[in-house]
Every structure is written in C-alpha cells, then in structure tokens.
Amino acid sequence: MSLNPPTSTTRVALVTGAANGIGRTIALRLAADGLDIALNDLPTHLPALGALVAEIEGAGQRAVAVTGDVAQEADVRAMVEEAVSKLGRLDVMVANAGIPGGGSVMDADIAKWEKCWEVNIRGVLLCYKYAARQMVAQGEGGRIIGASSLCGQRGFARLGAYCISKAAVRSLTQTAALELREHGITVNAYAPGVIDTPMTRMPATAGLDRTHSAGIEAKQVRCFHGQCLAKFGLGLTKGGPQLLKLPADVRTGEPADVAALVAFLASRDANFMTGQTVSVDDGVHFS
C-alpha cells in the first residue's frame, strides 16, 4: 500500500498536550498547512484549548477540543472516537503529551518514576494503538508521530525516569513502524533538545534539593526538561557542575523548530521515512 496520505479530502490531525508549548505550536503549524485539528489536553486545560480552537477556526480550519488523560485507555479511545465523530476521519496522530521525571537512581522514588512512565510511555502507546486502529479501518494510510527527546538518545545523570521513558518511545516507534507499514502508515518520532517552553521556564532552584542547589542564584533561567540549566551547566547560565557535558555554545530552540519537523513528518514528502527518531537539538546528538 502507498505510504502517502489521501489528497481528495482535508486531512485531520490529533495533537495531544496541545494546550501550550510544543504541542500548541505543532497544532498551529499543522492548521497552517491545511489540516483540521483535534486538540487534546487534560480537562483542566479546557480554557486554553478553547482559545486555540478559536484561533485555528479564525484562520480557516476546523478544530475541536477533545479532553482526556493520555495515560487512561478509556480516555484515549474516547478522544480518538470524538475526533473522528466531529471531524470525519483521522490521518495524523501527534502523541506529544509528556511530563518530566528526575531523581538519581540510588534515591529513585518508584511511584514518581512510574507516574512519568504512565504518561510518557503508556500514553504514547495508547495513542499509537487507537490511532492505528482508526487509520487501518479507514484504509488510506496515515502518519503517527511520537515525542521522544535528546534524553531518549543518551542518558543524563539524575534524569533517569525521563530518559528511560523517551528511549522507550524510540523503540516503540520502530516496532510500530514495522507492524503498520503494510497498512500504509508511517510511524516516526521527534527528539527535541533544549527548547524554550513553559516547562523549561523555572526558578533556578526549582526541583533541586539543598545539596544540588547550593550556590545557585534563585532567578529565572531557561531549564532543561524541568531541570535547571544552572544545575547542569549547559552554557546558558553561569556556574553549576558540567554534568550534561554539552558544548557551551548549544542554543535554546523554539517550539516552532520542533513544529517544522513534525509538519514534515506529517506531510506527503515524508512518504519514504518510517521508524525514525529525528533529533532537533542544535547538533547535540548525531545519529
């Protein structure tokens, strides 16, 4: 079967974690590219989703908010069904929703680590599962796209829960690509590096215990996936141990940098790509 999506009708994308940050920017980019958009996030983010629906509709595309928790199977099944019911079909799934998770291996809080995995692994799996079922039923192929990370390409100290979850997305993406290729469905993932989002705008000492926050100025700095850049020393703030050992000139990206990659993966031009996790990180990780 061709790996190209249909051209006779307006394609429909479902984007999870769409209320802000990278997810919101992805939704706007796909809408600008002519897709109708189903927007998912937790019910507490419904006002933000409503504003985004209005913005997309104002630009000439259809949009609908489909709230739910991606870690709950019934919610994911329902949000896919609602998206199809209201927009007619599903051609692109962007499993973007995710949460941070840190802590050292020796001091691992298993409950907190598993919460990270529920959203970042189980949530992506469920999105892949129900999107694939819908796309197979439609019989016209499709695009499934998941959120991995630089942390899924290599390990980082005290970010074990998050690194594990994003590495799992990479492996899941490869597995799903092999299983779904015969149905004309491509499955790829994006792996952002340091991106300027609400998650990364935290006080310098946020989330750090006294041992690791000693000597760090308590001011707003850009952070790395919920962990302070000042702590890890990425060259964007002064001081802090060089635990990540990244080049001092690494730039902070914008959500639009990630959205541009996702837009390509969702397009007809990505017809010959599947099973790939593509880095968008200013050259930090080379595949």
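The values are calculated or read from the model by the stated rules, or taken from the named source; none is laboratory data. The structure presented is a predicted model; accordingly, all values stated were derived computationally and were not measured. Methodologically, a virtual Cβ is constructed for each residue, glycine included, from the backbone with ideal geometry; neighbour enumeration extends over all protein chains shown.
Just name the residue that is surrounded by the most Cβ atoms within 10 Å (Cβ to Cβ) out of those in segment 77-118 that are out of contact with any strand residue (DSSP E or B) (no Cβ under 8 Å at 6 or more places or on another chain) and in a loop (DSSP other than H, G, I, E, B). Among them, the one singled out is 99.
Of the set (1) of a type in the set (Gly, Ala, Ser); (2) in contact with a helix residue (DSSP H, G or I) (Cβ under 7 Å, 6 or more places away or on another chain); (3) crowded, with 24+ Cβ neighbours inside 10 Å, all apply to residue 123 but (2).
Exactly one residue among 182, 254, 217 is acidic (Asp, Glu) and modelled with pLDDT of 95 or more, and that residue is 182.
The set of residues in segment 119-156 being under 30 Å from residue 196 (Cβ atoms), assigned to a helix (DSSP H, G or I) and modelled with pLDDT of 95 or more consists of 119, 120, 121, 122, 123, 124, 125, 126, 127, 128, 131. When segment 244-287 is filtered for residues that are in a loop (DSSP other than H, G, I, E, B), touching a Pro at 6+ places or on another chain (Cβ under 9 Å) and among the hydroxyl-bearing types (Ser, Thr, Tyr), only 267 remains.
Summed over segment 17-63, residues that are closer than 21 Å to residue 77 by Cα, of a type in the set (A, V, I, L, M) and in contact (Cβ under 8 Å) with a residue 24 or more places away in the chain total 9. For residues in segment 189-205 being assigned to a strand (DSSP E or B) and modelled with pLDDT of 85 or more, which is farthest from residue 153 (Cα to Cα)? The extreme case among them is 195.
One line per residue, one yes/no per condition, for (1) out of contact with any Phe, Trp or Tyr (no Cβ under 9 Å at 6 or more places or on another chain); (2) of a type in the set (A, V, I, L, M); (3) at pLDDT 95 or above:
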residue	(1), (2), (3)
1	yes, yes, no
40	yes, no, yes
65	yes, yes, yes
75	yes, no, yes
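Take residue 31 and tell me if it is part of a strand (DSSP E or B), of a type outside the set (Val, Ile, Thr) and buried (at least 22 other Cβ atoms within 10 Å of the Cβ). For residue 31, the condition - part of a strand (DSSP E or B), of a type outside the set (Val, Ile, Thr) and buried (at least 22 other Cβ atoms within 10 Å of the Cβ) - is not met.
Taking the criterion of being closer than 15 Å to residue 11 by Cβ and of a type outside the set (A, V, I, L, M), the residues of segment 60-85 that qualify are 60, 61, 62. Within segment 144-155, the residues that satisfy the criterion of being within 22 Å of residue 253 (Cβ to Cβ) and either crowded, with 20+ Cβ neighbours inside 10 Å or touching a strand residue (DSSP E or B) at 6+ places or on another chain (Cβ under 8 Å) (or both) are 145, 146, 147, 148, 149, 150, 151, 152, 153.
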